[in-house]
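See structure below.
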Amino acid sequence: MCGIVGITSTKQVSSTIINSLKKLEYRGYDSAGLATIANGQINEKKCQGRVEKLENILFQNPSKGNLGIGHVRWATHGIPNTVNAHPHSSEIVSVVHNGIIENSEELKKNLEKSGKKFKSQTDTEVITVLLTEKLEKYDPLNAVFETLEMLKGSFALGIIFKNYKNYVIGARRGSPLAVGYSNNENYLGSDSYALKTMTNKISYLDDGDVCVLTKDDIKFYNSKKNIINKEIFTLSEDKSAISKGNYKNFMIKEIFEQPVTTKTCLKEYIDKIREEINFYNLPINPKKMDKIVLIGCGTAYHSCLVAKYWLEEFTSLNIETDIASEFRYRKIRFNKNTLYIFVSQSGETADTYAALDLCKKQNVKTCSIVNVVESSIARISDCVLPIHAGPEIGVASTKAFLGQMLVLYLLTLKISEIRNNIEHKEYKKKIGELKKIPKLITESLKEEEKIQLIAKDIYKSKGSMFLGRGSSFPIAL
């Protein structure tokens, strides 16, 4: 996972790019870089290490230009160093990339046979070399489309061109990409969080989309090169949600937000007057379901594993869990009476999106549990169940994991009640217990000092073993 940003403006952009990269640093911090266009040249600066180091380099040797791209990296191809850091530039084009080009080795060998030279170990530099070659025949937009046809894998791209000083192109396949709108300035970013300090007007690219940004305009194209329109979303103005406030870091802040986020989630789904759980838009009547498949990656997959125990305990349904990255490589026997539930904090997880896309092509019923209701996964699901956790910036998921499990537990109880798998008295009792959770979390957080004492005993250990049985097993994972 890497972070990318692009800006075209009437003003100098390097400091704005740096500020955006700081917001994206949760997506990668082993190297950072940016490129701007100034005096008819691509001005590239990059380094191993965090954005702060790049900022110091720019302080000593500023990068001018009203247009530029930036990148923070978690290395996948090639060790973290300055050469492998993004952007990857030739004399006429510069590229930043989030994702993996699966056929990069094959493309690289063919390009080397034709005399092309490579400086880095990355898959991304293949895109730069291909674009440089295509620009001999095509204008930038068509050069991008010609290059994209040759790439296999997932990507979000930000591209600038030496001879087009008011022109940033973005492209998406698999990896998330958003654009932001402003006066005399437009933006490209891996997610809305990086853009929120500059604008609250956002659109999202779908798979296969390409966008062309100038300082005055944004145009979108689908994979067939047709101009398309995009919905513009207005983000909330809650600036406290995207700042650390008085907390040392985002993770601590997000842990202490859990009493509020759980209360918000419960208010969304529990009718206090009727003592009832409300899910109005399930795509299959639970009485007609014969199976539920829970799909996610990483933390979201672990929440699915917890929910499997609950669904098997409280319903008579067959339950399966799948790691999203493996789902589409199996021979799946799809069933119209099966509900496929996809769990993702961002709603942009590439493998989860790909698994959902496969289900949509099979015309089976889908439901997504996400934190971002404008996300790609939410937009193509038959049903969306938000967790209402607010922005989660900390890399280790805390409030979002709790939110995912909470919605999955609520869903379990509701399905069980509709199918008459749980006694009405027990169902009401469980709802009453759920309403106590925010207060119980508040009490738990008062133990912070005791937790710190325990942590001091173990944080220098060479390794740790986490044991759990039953629903505690995925918690241990």
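Taking all Cα-Cα distances within the stretch 1-81, those exceeding 19 Å account for 29%.
Under 14 Å from the Cβ of Lys435, count the other residues' Cβ atoms, weight Lys and Arg +1, Asp and Glu -1, and hand me the total. Mind showing how you got there, number by number?
Details: positive: Lys263, Lys267, Lys272, Arg274, Lys428, Lys429, Lys430, Lys436, Lys439; negative: Glu268, Asp271, Glu275, Glu276, Glu433.
Cβ neighbours under 14 Å give a net charge of +4.
Report note on the peptides 219-225, 191-197: ranked by the mean count of other C-beta atoms within 10 Å, highest first, their order is 191-197, 219-225.
Listed cross-link partners Lys399/Lys430; Lys109/Lys215; Lys230/Lys291; Lys22/Lys64; Lys23/Lys399; Lys331/Lys399 are compared with a 30 Å cut-off, the Cα-Cα value being larger for Lys109/Lys215; Lys230/Lys291; Lys331/Lys399.
For the chain, list the DSSP H helices whose alpha carbon atoms reach 24 Å or more along the long axis and whose average Kyte-Doolittle value is -1.0 or above?
Working: long enough: 298-314 (25 Å, 0.07); 399-418 (28 Å, 1.22).
In the chain, the long hydrophobic H runs are 298-314, 399-418.
Using a probe of 1.4 Å, the accessible surface attributed to Asp271 totals some 40 Å² when neighbouring protein chains are kept in position. Taking amide H atoms as placed 1.01 Å from N in the peptide plane, the amide H of Thr321 lies under 5 Å from those of Leu294, each 5 or more residues away in sequence or on another chain.
The Cα center of the stretch 160-227 and the Cα center of the stretch 1-76 differ in position by 17 Å.
Calculated on the Cα set of the chain, radius of gyration then Dmax: 23.8, 76 Å.
Ordering of 325-333, 2-10, 35-43, 125-133 by packing is 2-10, 125-133, 35-43, 325-333, highest average first (other Cβ atoms within 10 Å, averaged per residue).
Determine the per residue accessible area of the chain with all protein chains present and a 1.4 angstrom probe, expressed in square angstrom. Averaged over the residues of the chain, the accessible area is 48 Å². The gain in end-to-end length when the Ile92 to Glu449 segment is fully stretched comes to 122.9 nm, 0.36 nm per residue minus the alpha carbon separation.
Computed over neighbours whose Cβ is under 10 Å from that of Ile255, the net charge equals -1, Lys and Arg +1, Asp and Glu -1. Dipole size of the stretch 354-477 about its Cα centre, with +1 on Lys/Arg Cβ and -1 on Asp/Glu Cβ: approximately 240 debye, rounded to the nearest 20.
In whole percent, and with a 1.4 Å probe on the protein chains, what portion of the accessible area of the chain is carbon and sulfur? Walk me through the numbers on the way to the answer.
Working: 11420 of 22950 Å².
Roughly 50 percent, rounded to a whole number.
In the stretch 39-72, which residues have a backbone nitrogen under 14 Å from the label point lying 7 Å from Lys244's Cα in the Cα-to-Cβ direction? Inside the label zone: 51-52.
By the helix-only formula, in which each DSSP H run with n ≥ 4 contributes -39500 (n - 2.57) and the sum is divided by residues, the chain has a 222 nm mean residue ellipticity of -10000 deg cm²/dmol.
The values are calculated or read from the model by the stated rules, or taken from the named source; none is laboratory data. The structure presented is a predicted model; accordingly, all values stated were derived computationally and were not measured. For neighbour counting, all protein chains shown are included, and Cβ atoms are generated from backbone atoms with ideal geometry for every residue, glycine included. For the accessible areas, the whole protein counts, side chains as well, though only heavy atoms, and no ligand, DNA or RNA atoms are used. Shrake-Rupley method; radii C 1.70, N 1.55, O 1.52, S 1.80 Å.
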